[in-house]
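Trainee: Got a structure for you, written out below as structure tokens; questions coming shortly.
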Amino acid sequence: MVGSLLLEVYFPLIGVVLSNALYLAPAPAVAQAVRTGKLGSLNVLPLVLMVVSTTAWISYALSVPNPYITASNLPGAVAAVAYLVFTLPLMPREAAAERRTVQLIAVAGTAALLVLWSYLVLGGLAAEERSKALGFYGSLICVILFASPLSTMREVIAAKSSATIYAPLTLAQVANCATWTGYGFAIGDLWVWGPNLTGLLLGLMQLALKLVFPVRGGAAVERGRLVAKGSDLDDEA
């Protein structure tokens, strides 16, 4: 009884706090980028995926319905949109290809969710089938979000610096995913424990990279330098 209460009530309450901590973790780095007018080592890819992921999970939470999942993603969706709006203009001209990727993800993610909802509602699917489809979509995007900091793995290894993996976001991801994994198992919801268990493992991989390739001298390595090094490696290949 006590164990069930802990997993089904207190764990999701803690999860709400940790989820919002996860989504608010990039705020200081974004604020610094806005003040300086430069992204530095800030990786924008996780920010745009955060927009897609939070809106997908809100859709699932409203379909189930689940107030804990709703409260865990609603503030994050607003914060993620703000991050994207403020950081997108700061992407340098040299990163035109990366900027187009971010823009494409934002457009494609919005279109995919709207098309999915249109199909589920107009197709007359039952509530259980609708929730299953939304849960699958949300889980897929969630796993991509959790893996997105690893998009710079090649740069991290090449430069022997994990500056592009934002430590507060990674730590928040590990704590958040561990909590939601426990809650997901408690309520028997594959769409909750599945992506969060995967996210936990991916977060631990990021922490391993932070330990193996620490940021030297306490200063972040500029992202432009990392990209340049990656380009040099491509030319040499």
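Rule-based calculations on the coordinates, nothing more; no lab input. This structure is a prediction, so every number in the text was calculated from the model and none was measured. Glycine also receives a Cβ, built like all others from the backbone with ideal geometry; neighbour counts cover every protein chain displayed.
Trainee: Under a GNM of the chain (C-alpha, springs under 10 Å), which listed residue has the highest mean-square fluctuation: Pro67, Pro149, Pro12?
Mentor: Its mean-square fluctuation being the largest, the pick is Pro67.
Trainee: Something else: Equivalent ellipsoid semi-axes for segment 102-174, as square roots of 5 times the alpha carbon gyration tensor eigenvalues: give them largest first, rounded to whole Å.
Mentor: Ellipsoid half-lengths, sorted descending, are 34, 14, 8 Å.
Trainee: Here's something else I'd like to know. Only Cα pairs within less than 10 Å get springs; with that Gaussian network setup on the chain, which residue of Leu45, Leu114, Leu145 has the largest fluctuation?
Mentor: Among Leu45, Leu114, Leu145, the largest GNM mean-square fluctuation belongs to Leu114.
Trainee: I would also like to ask the following. What helices in the chain pass both tests, a Cα length along the helix axis of 15 Å or more and a mean Kyte hydropathy of 0.5 or higher, using whole DSSP H runs? Intermediate values should be presented prior to the final figure.
Mentor: On the way: long enough: 11-24 (19 Å, 1.79); 45-63 (28 Å, 1.59); 67-87 (30 Å, 1.17); 96-122 (38 Å, 1.26); 127-147 (30 Å, 0.90); 167-187 (30 Å, 0.80); 190-212 (33 Å, 1.31); 223-236 (20 Å, -1.06).
Span-like helices here: 11-24, 45-63, 67-87, 96-122, 127-147, 167-187, 190-212.
Trainee: Here's another thing I want to ask about it. Any chance you could run the full-extension gain for Tyr10 through Val107? It's 0.36 nm times the residue separation minus the Cα-Cα distance, nm to one decimal.
Mentor: 31.3 nm
Trainee: While we're looking at this one, here's another question. Give, rounded to the nearest 20 debye, the magnitude of the charge dipole that segment 2-236 has about its Cα centre when Lys and Arg contribute +1 at Cβ and Asp and Glu contribute -1 at Cβ.
Mentor: It works out to roughly 520 debye.
Trainee: Rg and Dmax of the chain, Cα atoms, in Å?
Mentor: Considering the chain through its Cα atoms, Rg and Dmax are 18.5, 63 Å.
Trainee: To make sure I understand, if each residue's beta carbon is the centre and we count other beta carbons within 10 Å, what order do Ser118, Ser148 fall in, fewest to most?
Mentor: Ser118, Ser148
Trainee: Before rounding to the nearest 500, sum -39500 (n - 2.57) across all DSSP H runs of length at least 4 in the chain and divide by the residue total; then give [θ] at 222 nm in deg cm²/dmol. All intermediate terms of the calculation are to be shown ahead of the outcome.
Mentor: Details: 11 runs with 181 residues, N = 237.
Rounded to the nearest 500, the figure is -25500 deg cm²/dmol.
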